[in-house]
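Here is the structure we will look at, set down as structure tokens.
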Amino acid sequence: MENKPAIQPSGRFKLKYRGADCLNCGHPLELSDKYCPNCSQANSTKKLTLFDFFEEFLANYFSYDSKLWKTLTALLLRPGKITREYISGKRLSYTNPFRFLLSLSIIYFLIISFSSEFESFNKFGYETRKPIIDLQTEFDKIEFDNEDERQLALTQMDSLKINSFFKNQMSDKDSTILVNPKSYFKEINTEDLTRRFLGKIDFFNTIIKHDTIYYFEQGLTKFEIPENKENKMAFNLASSLVDIEKRPGTFVNSLISKLPFTTFFFLPFFSFFIWMVYIRKKYTYTDHLIFSFHNQSLLFILLIVSNLINAVFNIRSEGLFILIFAIYLYKAMRNFYQQGRVKTVIKYFFLNTLFVILGSIAITILIAASVFTY
């Protein structure tokens, strides 16, 4: 006999849409089965409408018992305890820490990219820079008694070539390179490796700016440059540096877009040091990694909220939320590792100092890699 549910369902889950077998795995179903007990797919034979699609999507995220809300509540109100519950096996109630952190980091850095004005930095590119002194403009502001006096002053200025000096001034090195590029490049090859490579970067930088060289192959024949990996690497780096000089704002945006993925290379590395600091505790490396993921997720949540408050009220609230996170992190370490205040404070300052040092190294590597690949 078929079991009818006590509460009459609605929408796609109405009784008339219930099937005898799961459409996904073929498992036999009862009329009372709202979901397949074998694969968890909804027991409904109704064709999906656009309304059904969005209703199901929103229900997964905004229902009161969804994983997202449970994770957010536990993360905000129970520092460190959510990690203890997750590693002890209570995983179905919470979202995956890795996916959760990835989603939050992408959202945060997207907000930074769209809300920032980094593209406006492009106006400081070398192609758009104005001369520090434009003598012609300044000269036009001077009032003369008559035209003869003005022409006399203009003739004297032209004879001294002051205006052309300010307008067309370039460094002595650039002038030397452009006078005889082939000879200059041959002289560079006599230097040691470091000076030679840096000299080639300067050479290509000048050639790209002042000549019509866009590809490495163009320079091979025009300046008789040997084709080897060192020369090609120096050219590519010089080309990237020129592009960055032209459009510094675009480069900053490109750098920010890489930060979410950099986080996932950095945290596993940092978690190794947490494992070393708490090596006497019976936690695996993965446990420490999950702890790092949860804390980093909370930091991104606070920064997202801070950015929204800044946008709405036109204030700077980052400092307050960083302070909140600093207090939260101490509580999380106390709750998760179950150690006394003195030990926790010592390890707290040590790990945070290490985090700043390793983070600075990671950002330096990211900037260097971005320059090479820009």
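Taking each residue of the range 183-205 that is of a type in the set (Phe, Trp, Tyr) and looking for partners that are part of a loop (DSSP other than H, G, I, E, B) and open to solvent by 70 Å² or more (accessible area, probe 1.4 Å) with beta-carbon atoms closer than 9 Å, six or more apart or interchain, yields 185/224; 197/191. Identify all residues within the range 217-235 that are of a type in the set (S, T, N, Q) and crowded, with 17+ Cβ neighbours inside 10 Å; write none if there are none. Scanning the range 217-235 gives a single hit, 231. Only one entry in 42, 59 is modelled with pLDDT of 75 or more, over 26 Å from residue 324 (Cα atoms), open to solvent by less than 60 Å² (accessible area, probe 1.4 Å) and not polar (S, T, N, Q), namely 42.
Just a yes or no: is a residue in the range 206-213 touching a helix residue (DSSP H, G or I) at 6+ places or on another chain (Cβ under 9 Å), over 18 Å from residue 178 (Cβ atoms) and open to solvent by 20 Å² or more (accessible area, probe 1.4 Å)? Checked against the condition, which is being touching a helix residue (DSSP H, G or I) at 6+ places or on another chain (Cβ under 9 Å), over 18 Å from residue 178 (Cβ atoms) and open to solvent by 20 Å² or more (accessible area, probe 1.4 Å), the range 206-213 yields no hits at all. Kindly indicate the residue of the range 75-103 that is at pLDDT 90 or above and among the small types (Gly, Ala, Ser) and also nearest to residue 285 (Cα to Cα) among those meeting that condition. The extreme case among them is 88. Screening 309, 327 for residues that are without any contact (Cβ under 8 Å) to a residue 12 or more places away in the chain, out of contact with any Pro (no Cβ under 7 Å at 6 or more places or on another chain) and open to solvent by 60 Å² or more (accessible area, probe 1.4 Å) leaves exactly one candidate, 327. For the criterion of being touching a residue at least 12 places away in the same chain (Cβ under 8 Å) and in contact with an Asp or Glu (Cβ under 9 Å, 6 or more places away or on another chain), residue 270 fails.
Scan the range 353-370 for residues that are open to solvent by less than 50 Å² (accessible area, probe 1.4 Å) and touching a residue at least 12 places away in the same chain (Cβ under 8 Å) and jot them down. Of everything in the range 353-370, those that are open to solvent by less than 50 Å² (accessible area, probe 1.4 Å) and touching a residue at least 12 places away in the same chain (Cβ under 8 Å) turn out to be 354, 358, 359, 362, 366, 370.
Within the bounds of the range 161-183, is there any residue that is assigned to a helix (DSSP H, G or I), modelled with pLDDT of 55 or more, surrounded by fewer than 13 Cβ atoms within 10 Å (Cβ to Cβ) and in contact with an Asp or Glu (Cβ under 8 Å, 6 or more places away or on another chain)? Looking through the range 161-183, at least one residue is assigned to a helix (DSSP H, G or I), modelled with pLDDT of 55 or more, surrounded by fewer than 13 Cβ atoms within 10 Å (Cβ to Cβ) and in contact with an Asp or Glu (Cβ under 8 Å, 6 or more places away or on another chain).
The values are calculated or read from the model by the stated rules, or taken from the named source; none is laboratory data. Note that the structure is predicted; figures quoted are calculated from it, not measured. Here Cβ is always computed from backbone atoms with ideal geometry, including for glycine, and neighbour counts include all displayed protein chains. Please note that ligands, DNA and RNA were not included when accessible areas were found on the heavy atoms of the full protein model with its side chains. Shrake-Rupley method; radii C 1.70, N 1.55, O 1.52, S 1.80 Å.
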